[in-house]
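Inspection log for the structure reproduced underneath, given as structure tokens.
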Amino acid sequence: MNPEPTHDKLRFRTVFISDTHLGTRGCKAEFLHDFLKSIDTDYLYLVGDIIDLWKARSGWYWNETQNKILRRILKIANKGTRVYFVPGNHDEYFRDFAGISFGEVDIVDQMEHEMADGRRFLVLHGDRFDAIVCNHKWLAILGGKLYDWIVAINSWFNWARKKLGMRYWSLAQYLKLKAKRATKVIGNFERIVSDYARAHGYDGVVCGHIHKAEMRDMNGVLYCNDGDWVESCTALVEHLDGRLEIIEWTDTPVAVVMPPTPERTVDDRLPESAAAPAL
């Protein structure tokens, strides 16, 4: 059953979402559709892995709510919001169309976004910094199948929680973050993406790919990951004054403030050999 909004539209300057994985059973389409109906924004960034084309060959799943999501995005664009689609590895086919518009949605390989307070942020999916995706795609696909299995368990787990009157909670995300190796590679991904943004003169970077919402100061660069709509149901939003916030949108829409965590020091850095997780 779709969650019913009990609030007025939330006004933002910019909204960033990624890793919705439309075309899979793991996509939390009801929550995402409710979120999109509940916002009013000047800019909307779709930061990759919006449609999961990896699933087109096997296991493709599409329902009416996912149709509604695409219609809602086009409606948002037609009403004047600037919508940018930055393809990821699961929808990399669309990278061939970078520079053109489809239904008022601009397709771009990466994008510079200037916040209301003048800070310049690089917006990209992030898979290009994933050594497994870049060099061993077969391993990334295998990892994706394992991930789908975990997400399926997560769906049954939350079905039981709902029957017991409990809120949504991501077992998949919990297991991933409890794994020491996963924690290390996520940290390495954050560092590499932030270093790239710093080298190109940006104040911050917005990405997706690793399904972990985060705002962290990385040696003077604000690393922002908008999370996903498979595990955490999160978005990164920019308020009218340029202030950034992570919003979680599950059973009960809740705004979760995630201020930048303390800057990492050189001692906190992880070895160069660690690879980012393939998702």
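The values are calculated or read from the model by the stated rules, or taken from the named source; none is laboratory data. These numbers were taken from a predicted model, which means no experiment stands behind them. Methodologically, a virtual Cβ is constructed for each residue, glycine included, from the backbone with ideal geometry; neighbour enumeration extends over all protein chains shown.
Things to note:
- Test set (1) in a strand (DSSP E or B); (2) among the polar types (S, T, N, Q); (3) over 20 Å from the mean Cα position of the chain (by Cα) - Thr41 fails condition number: (3)
- Test: residue in the range 138-161 that is modelled with pLDDT of 65 or more and more than 23 Å from Asp52 (Cα to Cα): yes
- Of residues in the range 56-103 being of a type in the set (Val, Ile, Thr) and within 20 Å of the chain's Cα centre (by Cα), the one farthest from Tyr45 (Cα to Cα): Thr65
- Search result, residues across the range 214-232 that are crowded, with 20+ Cβ neighbours inside 10 Å, modelled with pLDDT under 95 and either part of a loop (DSSP other than H, G, I, E, B) or small (Gly, Ala, Ser) (or both): Val230, Glu231, Ser232
- Residue-level check: of (1) touching a Pro at 6+ places or on another chain (Cβ under 8 Å); (2) surrounded by 19 or more Cβ atoms within 10 Å (Cβ to Cβ); (3) at pLDDT below 95, Gly48 misses just (3).
- Members of the range 80-109 found to be modelled with pLDDT of 95 or more and closer than 29 Å to Asp241 by Cβ, listed by number: Gly80, Thr81, Arg82, Val83, Tyr84, Phe85, Val86, Val105, Asp106, Val108
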